[in-house]
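Just so it is clear, none of the values below were taken in a lab; they were calculated from the coordinates. These numbers come from a predicted model, not from an experiment. Don't worry about glycine lacking a Cβ; one is built from the backbone with ideal geometry, like all the others, and counts go over all protein chains shown.
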Amino acid sequence: AEKEFKVEVEAIGRVRHKNLVRLLGYCAEGAHRMLVYEYVDNGNLEQWLHGDVGPCSPLTWEIRMNIVLGTAKGLTYLHEGLEPKVVHRDIKSSNILLDKQWNPKVSDFGLAKLLGSERSYVTTRVMGTFG
């Protein structure tokens, strides 16, 4: 748990992109760990796609396309805009948070892998959680 916590703090602490959740601070005291993120009004994408949102979803096709494109821009920044590069390794709808204007913010960097420019993107080891 200590290693995963440090990876997340390192990966998110230097991230500055409108489609990535912003880390505001953290606390590590004894066995207790806490990350403090910006508040995001509309929960996560999984809630809106698979939850009970009533007879009419607020996610129009225009909003859904904005979510897809914003998520892609956030991931592109992680892969190409940072050094070392960050590979998220756990992208799923519950890790895409939505702000008041339905803009996506990729979150949960706990499984992130940091890659220097001399490292390959190819990995043969399966990691992460199912879902």
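Compactness of the stretch 2-115, taken as the C-alpha radius of gyration over 2.2 N^0.38 Å, stands at 1.11.
The Trp61 and Lys3 beta-carbon pair, evaluated with R₀ = 35 Å, returns a calculated FRET efficiency of approximately 0.25. In straight-distance terms, cross-link reach from Lys85 covers every one of the lysines whose alpha-carbon lies under 21 Å from its own, apart from those fewer than eight places away in the same chain; here that gives Lys3, Lys6, Lys18, Lys73, Lys105, Lys113.
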